[in-house]
1. Test residue 90 against the criterion of being within 30 Å of residue 198 (Cα to Cα) and among the hydroxyl-bearing types (Ser, Thr, Tyr), and give yes or no.
2. Which of the residues belonging to region 6-42 are modelled with pLDDT of 90 or more, surrounded by 10 or more Cβ atoms within 10 Å (Cβ to Cβ) and either among the β-branched types (Val, Ile, Thr) or in contact with a Cys (Cβ under 8 Å, 6 or more places away or on another chain) (or both)?
3. Which residue is nearest to residue 223 (Cα to Cα), if the candidates are limited to region 96-124 and must be among the aromatic types (Phe, Trp, Tyr) and either in contact with a Lys or Arg (Cβ under 7 Å, 6 or more places away or on another chain) or surrounded by 22 or more Cβ atoms within 10 Å (Cβ to Cβ) (or both)?
4. With the structure loaded, tell me whether residue 140 is small (Gly, Ala, Ser), surrounded by fewer than 18 Cβ atoms within 10 Å (Cβ to Cβ) and on the phi > 0 side of the Ramachandran plot or whether it fails that test.
5. Can you pull out every residue in region 133-175 that is under 20 Å from residue 234 (Cα atoms) and modelled with pLDDT under 95?
6. Scanning region 32-60 for residues that are of a type in the set (Gly, Ala, Ser) and more than 19 Å from residue 84 (Cβ to Cβ), which turns out nearest to the chain's Cα centre (by Cα)?
7. Of all residues in region 95-104 being more than 11 Å from the chain's Cα centre (by Cα) and assigned to a strand (DSSP E or B), which is nearest to residue 262 (Cα to Cα)?
Amino acid sequence: MKNLHLLSSIVIILTTSCIDKKPVWSDEFNYAGVPDSVKWNYDQGDGCPNVCGWGNNEDQYYTKDSKNVRVENGNLVIEARHDSLGGKAYTSTRIVSKFKGDWLYGRIEVKAKLPKGKGTWPAIWMLATDWKYGGWPASGEIDIMEHVGYDPSVIHGTIHTESYNHGKGTQKEGKITIADAMDVFHVYAIDWSKDKMDFFVDDKLYHTVTRDPHEDFKGWPFDQRFHLIMNIAVGGNWGGKEGIDESIWPQRMEVDYVRVYQ
């Protein structure tokens, strides 16, 4: 009987802890109009002159215009459109938390519904804020969620580093099948600690990367602060691998919330 009482007490404590857990940074998008400028910046243009097409030969020009990014009906809307600008055939948005939301370790959750159709390439991901170890991929990249429209049921979670990256074909990638990702909101998340990174969809763990204790920053640069990026790319080396369907536009990614726990 004493053991039962002890077990009940533990359950109550754990349940209370979960209920009381609050994010250290969040945007619930419970407003309308322009995304909160206290929390968000933008990457704009086509990436030139440094890495034109943002390094992936993408076909969009990023803006912060309301046609491409806005908050409405309680959601952040990132909308890719077939309207040329800056020599590109499409416009879209790449919204970033850099210098306004930067974290070392924690749980990052984004509840989102994805665009659909060939040529769409939405991503919820992270880059190093300070680039301590050098340019990409040396300072690391964390892809919380990547999706390409020609492979509609598959969600990817990946890390890129100097040793492990798609340029070498050595990236550390996990996949999960989410058949309705383009029709229903799902929670895409990572749990990031000193020596491990877990990837989730709707609290289902599908991929884990563990630090090799013998590796330096080339294998694990994830001991620095990172910021969040959300965007829809169009075409490019991966998103456009099977072409771009010109009949599907506009396409949008909707985000219900972003929450960061530490």
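1. Values: within 30 Å of residue 198 (Cα to Cα): no; among the hydroxyl-bearing types (Ser, Thr, Tyr): yes.
The answer is no for residue 90.
2. Those that are modelled with pLDDT of 90 or more, surrounded by 10 or more Cβ atoms within 10 Å (Cβ to Cβ) and either among the β-branched types (Val, Ile, Thr) or in contact with a Cys (Cβ under 8 Å, 6 or more places away or on another chain) (or both): 24, 34.
3. Step one: list which residues in region 96-124 are among the aromatic types (Phe, Trp, Tyr), which gives 99, 103, 105, 121.
After this cut, where a residue has to be either in contact with a Lys or Arg (Cβ under 7 Å, 6 or more places away or on another chain) or surrounded by 22 or more Cβ atoms within 10 Å (Cβ to Cβ) (or both) as well, the list is 103, 105, 121.
Numbers: 103: 10, 105: 8, 121: 28 Å.
Per the stated criteria, the residue is 105.
4. Working: small (Gly, Ala, Ser): yes; surrounded by fewer than 18 Cβ atoms within 10 Å (Cβ to Cβ): no; on the phi > 0 side of the Ramachandran plot: yes.
No: the conditions fail for residue 140.
5. 166, 167, listed by residue number.
6. If we filter region 32-60 for residues that are of a type in the set (Gly, Ala, Ser), which is where we start, we get 32-33, 37, 45, 47, 53, 55.
Now drop any that are not more than 19 Å from residue 84 (Cβ to Cβ), which leaves 32-33, 37, 55.
Details: 32: 22, 33: 22, 37: 19, 55: 17 Å.
The residue in question is 55.
7. Initial filter on region 95-104 (more than 11 Å from the chain's Cα centre (by Cα)): 97-104.
Those still in the list that are assigned to a strand (DSSP E or B) too: 102-103.
On the way: 102: 12, 103: 9 Å.
Among them, the one singled out is 103.
Yes or no, residue by residue, for (1) over 20 Å from residue 260 (Cβ atoms); (2) surrounded by 17 or more Cβ atoms within 10 Å (Cβ to Cβ); (3) over 16 Å from the mean Cα position of the chain (by Cα):
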site	(1), (2), (3)
153	yes, no, yes
156	yes, yes, no
159	no, yes, no
164	yes, yes, yes
180	yes, no, yes
188	no, yes, no
193	no, no, yes
198	no, yes, no
209	no, yes, yes
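The values are calculated or read from the model by the stated rules, or taken from the named source; none is laboratory data. Worth saying up front: this structure is predicted, and the values here are computed from it rather than measured. Ideal geometry is used to build each Cβ from the backbone, glycine not excepted, and the neighbour counts take in all protein chains shown.
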